[in-house]
1. Might you let me know whether region 116-126 holds any residue that is at pLDDT 90 or above, of a type in the set (S, T, N, Q) and on the phi < 0 side of the Ramachandran plot?
2. Every residue in region 65-84 that is farther than 19 Å from R129 by Cβ and not in a loop (DSSP other than H, G, I, E, B), please.
3. Cβ-Cβ under 6 Å, sequence separation 6+ or interchain: first residue in region 100-127 and more than 17 Å from V145 (Cα to Cα) and small (G, A, S), partner part of a loop (DSSP other than H, G, I, E, B) and at pLDDT 90 or above. Which pairs?
Amino acid sequence: MFFFMARVWMFFFMFLAGCSTWESQDLEPATRNVSVVVGFIQVEPSGPYFRMHQAEAYVQYFDVVNSKTGKRTRVHLEPKAVRFVTKLSPGHYELFRIQIGEGPFRSESHVKMSFEVLAEKTMYLGVWRLRVDPPKTVRMLQWEVLAKTQSLDPSLVFHHVVDDKPLEFSLLQPVTHHVRLFSVAPSQPRAKYFYRR
């Protein structure tokens with residue numbers, strides 16, 4: 001009986017060992033070889049606002065896609081954040097969507113801006129200066145990408161902030177963009193002309 005129970009326990013532990021996998025084997029090489037991607041965002045109105053209790057505009061999130069693999073990544077930002085930090089696998093990327101928040105109101109733009117992510121680097125996407133039109137039937141978003149501003153030297157800012165990998169500039173292309181802003185749920189009103197689900 002003792003030998004029978006010992007064999008049962010031995011087969012049980014062998015079964016468990018066969019079901020387990022090491023974390024390093026479970027990860028794709030591209031997932032392990034990620035790079036840090038950083039940038040700054042400045043959002044300002046392009047004209048006077050006429051809403052009562054108008055909230056300041058800010059970026060809620062933006063979406064990027066790897067041109068080769070098709071993998072999409074959404075980068076969320078804290079309200080009124082002026083810097084974003086994320087990690088992406090090396091490759092060519094396209095930024096295709098950005099959402100702007102204004103209190104309870106939401107607006108989106110579909111853009112087409114590209115950048116490169118190199119391995120073992122800290123990729124700097126520049127300062128995104130976004131000018132948002134006041135609320136009206138047709139709203140536009142003006143986008144300008146700068147390497148630095150008078151108050152910002154990225155090589156100094158990132159020195160002890162991100163990591164010790166070399167800083168590589170990869171500014172969004174094109175560096176200027178002018179696109180339409182569409183209201184999205186739960187914004188009002190729901191007129192089809194300027195509202196998207």
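The values are calculated or read from the model by the stated rules, or taken from the named source; none is laboratory data. All figures in this text were calculated on a predicted structure; none of them were measured in a lab. Cβ sites come from the backbone with ideal geometry, for glycine too, and all protein chains shown count toward neighbours.
1. Within region 116-126, not a single residue is at pLDDT 90 or above, of a type in the set (S, T, N, Q) and on the phi < 0 side of the Ramachandran plot.
2. If the condition is that a residue be farther than 19 Å from R129 by Cβ and not in a loop (DSSP other than H, G, I, E, B), then V65, N66, R72, T73, R74, H76 are the ones that fit.
3. That search, which allows pairs on different chains as well, returns A119/P90.
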